[in-house]
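The values are calculated or read from the model by the stated rules, or taken from the named source; none is laboratory data. Because the structure is predicted, anything quoted here is derived from the model rather than measured. Here the Cβ positions follow ideal geometry from the backbone for every residue, glycine too, while neighbour counts run over all protein chains shown. Keep in mind that these areas ignore ligands, DNA and RNA; they rest on the heavy atoms of the full protein, side chains included. Shrake-Rupley method; radii C 1.70, N 1.55, O 1.52, S 1.80 Å.
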Amino acid sequence: MFHSCSSSQMRAIGAFRPRLTELLNRLSFRSFRVRALSSSSLASSNQSRGGLPRFFSQVLPSYKGDVIRLEGDEVWHMTKVLRLKTDDRVELFNGNGGLVEGSIKNIRVNGLDILAMEDPKSVLPQSTQWHVFAACGTLKGGRADWLVEKCTELGASSLTPLLTERCPTISDNRVHRFERITLAATKQCQRLHQMDLNSPLKIDGLLHLINETKLSFVAVAEATPLVSALASTEIESGGLLVIGPEGGCGEYICHQD
């Protein structure tokens with residue numbers, strides 16, 4: 001059945017697996033176009049410029065002909081993994097929309113120099129119909145790595161680890177690992193704007209977001225399917241969808257003030 005929580009404007013929805021064509025027809029999405037959330041499509045034509053390898057650098061050259069020093073893991077990847085050499089062309093990005101093409105110079109044991117072949121460019125984030133801010137409980141093993149990777153590749157704006165009763169802490173080492181996975185996935189999918197990895201948050205911290213959101217849903221077994229709920233709801237520019245663990249979290253959220 002359809003449940004609602006008036007204090008937080010939450011609505012319970014059931015599991016749904018409609019075919020894509022049914023979903024499009026029932027919601028009348030004829031006027032919408034499918035858009036990729038990844039910022040890889042920000043470039044006009046092809047930002048990778050024929051497939052130049054792309055590397056992260058917090059500091060970019062300021063102008064054409066400027067030289068910066070690159071050190072750390074990216075240098076190892078350049079020289080040991082890809083075996084790039086002097087005068088090879090690369091791209092550098094800073095995770096905030098900055099992009100520049102450069103050439104490798106002066107390879108040394110502890111780093112290398114990059115000569116800017118052009119003035120750096122600043123690309124604004126792509127305008128999308130949906131901005132996804134994901135929050136999830138900590139998962140065991142490689143499932144957490146997979147989730148961080150896919151959130152990055154699918155274009156989520158941010159990811160927040162949730163602290164729950166059964167997973168009350170998350171180690172600094174794991175947070176650092178998530179940061180490395182986020183960077184690797186950003187380069188892999190050609191995003192120019194890095195997904196923000198927020199500090200861990202207790203699940204109670206989500207409650208004020210529910211109260212501030214006009215359209216909020218919580219997934220509960222055997223409740224109204226999401227497609228039906230959306231079809232009977234006024235159109236809003238944004239909303240909140242809470243999906244808990246297999247055992248459910250709807251009762252907890254609906255009874256909190």
Checked against a 22 Å limit on the C-alpha separation, the offending pairs among K85/K121; K140/K214; K85/K187 are K85/K121; K140/K214
For every other residue with a beta carbon closer than 12 angstrom to the beta carbon of T164, add +1 if it is Lys or Arg and -1 if Asp or Glu, then tell me the sum. 0
Net charge near R180 (other residues with Cβ under 14 Å of its Cβ; Lys, Arg +1; Asp, Glu -1) is -3
Of every hundred units of 1.4 Å-probe accessible area on the stretch 50-115, the number belonging to carbon and sulfur atoms, as a percent, is 47 percent
Filter the GluC sites (Glu not before Pro) in the stretch 153-229 to those in DSSP coil with at most 12 other Cβ atoms within 10 Å of their Cβ, and list the result. E165, E222
Going residue by residue through the stretch 110-125, the Karplus relation 6.51 cos²θ - 1.76 cosθ + 1.60 with θ = phi - 60° gives ³J(HN,Hα) values, rounded to whole Hz and with x marking Gly or Pro, of 9, x, 8, 9, 10, 9, 6, 8, 7, 6, x, 10, 10, 9, 6, x
Overall Cα dimensions of the stretch 53-144 - principal axes, largest extent first, Å: 45, 34, 17
Amide hydrogen neighbours beyond the local backbone of V218, cut-off 5 Å, H modeled: R11, A12, I13, V242
For 60-67, 167-174, ranked highest to lowest by mean beta-carbon neighbours within 10 Å, the order is 60-67, 167-174
Solvent-accessible area per residue, Å², over the stretch 136-246 with all protein chains present [probe radius 1.4 Å]: 59 Å²
With label points built 7 Å along Cα→Cβ from the Cα atoms of T233 and N198, find their separation and express it in nm. 1.9 nm
What number comes out for the charge environment of G65, summing +1 per Lys or Arg and -1 per Asp or Glu over other residues with Cβ under 10 Å away? -2
Of the accessible area of the stretch 182-241, computed with a 1.4 Å probe and all protein chains kept, carbon and sulfur make up a percent value of 53 percent
